Amino acid sequence: MTALPAAAPALAAHAAQMRWRRGCVAVLAGLVLAALLASLMSGPSPLPPLEALRALILPDEAERVARVIVWTVRLPQALTALLVGAALALAGAEMQTILDNPLASPFTLGISSAASFGAALALILGVSVPGLPAEWLVPANAFLFAALAMALLRSVAGRPGTGPSTLVLLGIALVFAFNAMVALLQYTASQSALQQFVFWTMGSVGQTGWGRIGVLALALAVVAPLSWRARWMLTALRLGEDRARSFGIDTGRLRTMALIRITLLSALSVAFVGTIGFVGLVGPHIARLLVGEDHVHFLPASALTGALVMLLAAILSELIVQGVVLPIGIVTSLVGVPVFLALVLRRKDGL
Amino acid sequence: MSGGEALRAEGLRVRLGRRMVIDGLDLPEMRPGEVTALIGPNGAGKSTLIRALARLAPCEGRVFLGDLDLLQQSAAAHARLTGYMPQAVQSGAALTVLEAVVTALRAVPDGDRSDPVMRAHAALERLGIAGLAQSRLDRLSGGQRQMASLAQAMVRGPRILLLDEPTSALDPGRQFEVMQAVQALVRESGIIAVVVLHDLELSLRWADRIVLMQAGAALASGAPEDVVTPEALGQAYGIDARIERCSRGLLHVHADGVLARHG
Ligand SMILES: Nc1ncnc2c1ncn2[C@@H]1O[C@H](COP(=O)(O)OP(=O)(O)OP(=O)(O)O)[C@@H](O)[C@H]1O
Ligand SMILES: [Mg+2]
């Protein structure tokens, strides 16, 4: 790149803006790491930072108790929170772009309702995929139904001339349909099954394990590079449907591929930790306020913000009520909503 | 620049829903370096025709650039040849004008290795809106938005420019500048431009050829002074018009009244 002198102030301003955005992404990444460490330290028996670090990096030299706490409880839970937060926010960012709607989240189109129905089937009626170990029954069911809902949406999205509004309407229909079926199941459920189901819907990272973490990490490792490859096409879609098509983008295909990525990420998240909806909405929103909508920065910033919000919620869920771990889904909303509102309202004033 | 391969479109038919919006339309041959203005009343099918040429509306018929059958090209190949500017410029995107133009270059790479930011900035300078580079798209005025939109259509160096009412929201100075910029670009680079205009004087001033559309067909086409006649204007728009040549040789249209509309 040739360095132009003062002749082009716009170019200098643009370069400064890019530096600011890269800085934002780097700072977010740093905050995620800090929150990860903090979540290893905090909990029923707090560990000082150095000890937590030592247990993490040099487990053989750490005290046995610290090692067990970090490696069997806190690290799996923290990693689950991190991965789920990143997955839901990335899915939310793509969803908002392909639906041209900043209020969309992975749950707008009925994916979480479908997943809830799957979970309810397993928890209340005991219906699930045969041959699976018990701890995978609920996630498998939730995932299956989320994927089913998405397959339905996908078949519509691929048709020529289908815009965002058709998708949203179909999604809303799915939300109502699955919610009604869930209500029906709840109505007929036994007391204990109902309790289990309600707890599941509140969201929790307590049920996690290395197997689930592996699956989530693998899904992200496959999906994130594909999102990244589509970053410029997604940005172009923000300029309008016709415009994007006139650049030679097959928008139907772009939407379909994005829907598949969104399903995989959000269905897995919901399947493993329950219906934690808010992160998918708030992550992209905060990212948009920070770095705008060029997806080169918007996608990573969304994923990092989501991971950060979930990690903070996981830490807070143990701190709010002494000795009790609140469901993380509840904490995410309780803490996230005020922060979110503050950001949104401040932006309005600043205009 | 490019050898004189003309754009020909014959027997165009576009069906939208159940309606045949364009039915058997023939366009005159459009040569590189020329501006063709598309005029006609609201609902005549101008936007539909432009969208069909941009392959955004399903279209039957023959559209050839030289020997190249444009309707048979892959979407990507067709998009490389054409630049399209929509009539309604919606954008609530949190992007700057410069970013939007960079995105136009980056969305589908065209093999040009030069820095997209520099190319985008050059396009803005060419249109005289480099000052808007860092303004957010969702905070522009209507006319500024139109300028930013035009930059996105022009920046990829298309051989065919399809502009749907590029001047409708612009002040008189900007209208002049935009038409001048389009004409200069078209002449220099041997581009074929098809421009929808409602302003008859702009069409007379800047177009090499005018196509007057009505109800999905071409009512008249040819040299500006042959198409814009009191009879044609009466038939198309239902106006009672006078056309006068001013001292500098330019044609001016005066609408003195409204006739009973037919159709
Ligand atoms: N999706 C559609 N389905 C059916 N009819 C349509 C559709 N879109 C446009 N039309 C009809 O096609 C006709 C031509 O529309 P078009 O937008 O091409 O007009 P236009 O000449 O560009 O008008 P204007 O000067 O107002 O922009 C109109 O009568 C319109 O009602
Ligand atoms: Mg129109």
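The values are calculated or read from the model by the stated rules, or taken from the named source; none is laboratory data. Treat the numbers as computed from the prediction; the structure is a model and nothing was measured. Cβ placement follows ideal geometry from the backbone for every residue including glycine, while neighbour counts extend to all protein chains displayed. For accessibility, only protein heavy atoms count, side chains too; no ligands or nucleic acids. Shrake-Rupley method; radii C 1.70, N 1.55, O 1.52, S 1.80 Å.
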Q) Out of segment B:103-136, which residues are of a type outside the set (D, E, K, R) and within 8 Å of chain A (Cβ to nearest Cβ)? A) B:THR103, B:ALA104, B:ALA107, B:VAL108, B:VAL117, B:MET118, B:HIS121, B:LEU124, B:ALA130, B:GLY131, B:ALA133, B:GLN134
Q.
Condition first: within 12 Å of ligand 2 (Cβ to nearest atom) and touching a strand residue (DSSP E or B) at 6+ places or on another chain (Cβ under 6 Å). Now tell me which residues in segment B:14-48 satisfy that.
A. B:VAL21, B:LEU38, B:ILE39, B:GLY40, B:ALA44, B:GLY45, B:LYS46, B:SER47, B:THR48
Q) So which of A:ARG255, A:ARG231 ends up being over 20 Å from A:ALA149 (Cβ atoms) and touching a residue at least 60 places away in the same chain (Cβ under 8 Å)? A) A:ARG231
Q: Would you please name the residue that is farthest from ligand 1 (Cβ to nearest atom), looking only at residues in segment B:66-81 that are open to solvent by 40 Å² or more (accessible area, probe 1.4 Å) and assigned to a loop (DSSP other than H, G, I, E, B)?
A: B:ASP67
Q: Output yes when any residue across segment A:79-96 is within 14 Å of chain B (Cβ to nearest Cβ) and within 23 Å of A:VAL215 (Cβ to Cβ), and no when none is.
A: yes
**Q.** Residue that is part of a strand (DSSP E or B), open to solvent by 10 Å² or more (accessible area, probe 1.4 Å) and away from chain A (no Cβ under 14 Å), where the choices are B:ALA193, B:ALA184, B:ALA169, B:ALA220
**A.** B:ALA220
(Q) When you scan segment B:82-100, do you find a residue that is away from ligand 2 (no atom under 13 Å from the Cβ), within 18 Å of the chain's Cα centre (by Cα), part of a helix (DSSP H, G or I) and buried (at least 23 other Cβ atoms within 10 Å of the Cβ), even just one? (A) no
Q) Taking helices (runs of 4 or more DSSP H) that do not extend beyond segment A:219-284, which have at least 3 residues that are more than 9 Å from chain B (Cβ to nearest Cβ), buried (at least 20 other Cβ atoms within 10 Å of the Cβ) and not aliphatic (A, V, I, L, M)? A) A:251-273
Q. Can you name the condition, by its number, that A:SER165 falls short on among (1) surrounded by fewer than 17 Cβ atoms within 10 Å (Cβ to Cβ); (2) away from chain B (no Cβ under 14 Å)?
A. (2)
Q. Right, B:ARG55: touching a His at 6+ places or on another chain (Cβ under 9 Å) and either more than 16 Å from ligand 2 (Cβ to nearest atom) or more than 12 Å from every other protein chain (Cβ to nearest Cβ) (or both) or not?
A. yes
Q. If we scan segment B:201-217, do we find a residue that is part of a strand (DSSP E or B), touching an Asp or Glu at 6+ places or on another chain (Cβ under 8 Å), surrounded by 15 or more Cβ atoms within 10 Å (Cβ to Cβ) and not assigned by the TED database to the domain that holds B:LEU81?
A. no
**Q.** Selection count, segment B:129-169, where residues are within 16 Å of ligand 1 (Cβ to nearest atom) and of a type in the set (A, V, I, L, M, F, W, C)
**A.** 3
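Residues checked against (1) within 14 Å of B:MET154 (Cβ to Cβ); (2) away from ligand 1 (no atom under 16 Å from the Cβ); (3) out of contact with any Ser or Thr (no Cβ under 9 Å at 6 or more places or on another chain):
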| residue | (1), (2), (3) |
| --- | --- |
| B:ASN42 | no, no, yes |
| B:GLY45 | no, no, yes |
| B:LEU53 | no, no, no |
| B:PHE64 | no, yes, yes |
| B:GLY83 | yes, yes, no |
| B:GLY92 | no, yes, yes |
| B:ARG106 | no, yes, no |
| B:ALA123 | yes, yes, yes |
Q: Hey, can you tell me all the residues within segment A:12-55 that are polar (S, T, N, Q), modelled with pLDDT of 90 or more and either open to solvent by 30 Å² or more (accessible area, probe 1.4 Å) or over 27 Å from the mean Cα position of the chain (by Cα) (or both)?
A: A:GLN17
Q) Mind checking which residues of segment A:40-70 are touching a residue at least 60 places away in the same chain (Cβ under 8 Å) and of a type in the set (Asp, Glu)? A) none
Q: Would you confirm whether any residue within segment B:59-76 is facing chain A (nearest Cβ under 9 Å) and in contact (Cβ under 8 Å) with a residue 12 or more places away in the chain?
A: yes
Q: Look at B:ALA9 and say whether it is more than 14 Å from chain A (Cβ to nearest Cβ), in contact with a strand residue (DSSP E or B) (Cβ under 6 Å, 6 or more places away or on another chain), more than 9 Å from ligand 1 (Cβ to nearest atom) and open to solvent by less than 10 Å² (accessible area, probe 1.4 Å).
A: yes
Q: For segment B:4-34, name all the residues that are assigned to a loop (DSSP other than H, G, I, E, B), at negative phi and free of Cβ contacts under 8 Å to residues at least 12 places away in the same chain.
A: B:ARG18
Q. How many residues, within segment B:137-165, are within 10 Å of another protein chain (Cβ to nearest Cβ), more than 26 Å from B:GLU5 (Cβ to Cβ) and within 13 Å of the chain's Cα centre (by Cα)?
A. 1
Q: Considering only segment B:33-55, state which residues are under 26 Å from B:GLN183 (Cβ atoms) and either open to solvent by 30 Å² or more (accessible area, probe 1.4 Å) or of a type in the set (D, E, K, R) (or both).
A: B:GLU34, B:ASN42, B:LYS46, B:SER47, B:ARG51, B:ARG55
Q. What number goes with the only condition from (1) surrounded by fewer than 23 Cβ atoms within 10 Å (Cβ to Cβ); (2) away from ligand 1 (no atom under 16 Å from the Cβ); (3) modelled with pLDDT of 90 or more; (4) under 30 Å from A:THR235 (Cα atoms) that B:ASP26 does not pass?
A. (4)
**Q.** Enumerated helices (runs of 4 or more DSSP H) restricted to segment A:107-213, each holding at least 3 residues that are closer than 30 Å to A:ALA244 by Cα
**A.** A:137-157, A:164-188
Q) List, please: which pairs have Cβ atoms under 6 Å, are six or more places apart or on different chains, and start with a residue in segment A:131-149 that is open to solvent by 40 Å² or more (accessible area, probe 1.4 Å) and end with one that is of a type in the set (D, E, K, R)? A) none
Q. Given the structure, is B:LEU161 touching a residue at least 40 places away in the same chain (Cβ under 8 Å), buried (at least 19 other Cβ atoms within 10 Å of the Cβ) and touching a Leu at 6+ places or on another chain (Cβ under 7 Å)?
A. no
